[in-house]
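Beneath this line is the structure, given in structure tokens, with notes to follow.
The values are calculated or read from the model by the stated rules, or taken from the named source; none is laboratory data. Model, not experiment: these values are computed from the prediction. FYI the Cβ positions are ideal-geometry reconstructions off the backbone, even for glycines, and counts take in every protein chain you see.
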Amino acid sequence: MKQYEEKLRDFIEHNCIEAQQLLFNVSCHSVREAASAVGALPEDFVKNICMIDERNNLIVAIVKGEDRASTSRVGKVLNIGTLRIATETEVLEKTGYPCGGVPSFGYDAVFIIDSKVMEKEVVFTGGGSPNSLVKISTKELQRVNNALILRVRK
């Protein structure tokens with residue numbers, strides 16, 4: 001898993017992203033585990049819901065940790081017919097990171113940040129592996145991804 005953490009650290013440094021990568025000896029796979037590891041509240045976390053459209057493109061809906069993304073809402077706002085949740089294999093292939101550690105940036109995708117996420121100043125997201133996180137401002141997250149801000153939560 002170290003190679004994924006290093007890959008993300010290099011991406012952050014090379015692209016001058018204002019973010020802090022945090023490494024742990026415990027799992028941060030779930031929002032509950034991540035909140036415990038970093039000593040923050042569950043509402044301080046985002047998760048990245050990876051979806052595939054009919055042309056095999058990756059779309060990432062970034063929602064707060066307690067929320068769920070709606071494939072139908074994402075499809076509607078992007079004017080796309082059919083969307084499905086990516087498999088673990090597709091997530092690794094398309095993002096370059098394993099499930100449970102996927103960051104909210106650093107790979108080619110259409111990024112949509114749920115409007116509720118932008119109510120937070122700073123959030124935690126996947127840090128490249130299930131044992132790492134990234135702390136980043138929501139404004140920086142939007143900038144890095146050139147992300148759309150739309151309601152995509154259920």
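Computed values, structure above
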| quantity | calculated |
| --- | --- |
| Qualifying residues in segment 18-39 (those that are under 15 Å from the mean Cα position of the chain (by Cα) and part of a loop (DSSP other than H, G, I, E, B)) - the one modelled with the highest pLDDT | C28 |
| Residues (surrounded by 22 or more Cβ atoms within 10 Å (Cβ to Cβ) and not β-branched (V, I, T)) located in segment 51-67 | M51, A61 |
| Segment 34-74, residues that are free of Cβ contacts under 8 Å to residues at least 12 places away in the same chain and more than 17 Å from I136 (Cα to Cα) | S36, R55, N56, S72 |
| Segment 127-154 residues that are surrounded by 15 or more Cβ atoms within 10 Å (Cβ to Cβ), paired with ones that are basic (K, R) and in a loop (DSSP other than H, G, I, E, B) (beta carbon under 8 Å, 6 or more apart) | T138/K120; R153/R68; R153/K116 |
| Qualifying residue in segment 46-64 (condition: under 13 Å from the mean Cα position of the chain (by Cα) and polar (S, T, N, Q)) | yes |
| Some residue of segment 80-99 being modelled with pLDDT under 95 and closer than 12 Å to V46 by Cα | no |
| Residue in segment 37-49 that is crowded, with 18+ Cβ neighbours inside 10 Å, in contact with a Lys or Arg (Cβ under 9 Å, 6 or more places away or on another chain) and under 16 Å from D108 (Cα atoms) present | yes |
| Members of segment 115-126 found to be buried (at least 24 other Cβ atoms within 10 Å of the Cβ) and either within 19 Å of L92 (Cα to Cα) or without any contact (Cβ under 8 Å) to a residue 60 or more places away in the chain (or both), listed by number | G126 |
| Flag if V26 is in contact (Cβ under 8 Å) with a residue 24 or more places away in the chain, among the β-branched types (V, I, T) and touching a Leu at 6+ places or on another chain (Cβ under 6 Å) | no |
| Out of E18, E5, sole residue that is farther than 13 Å from V102 by Cα and acidic (D, E) | E18 |
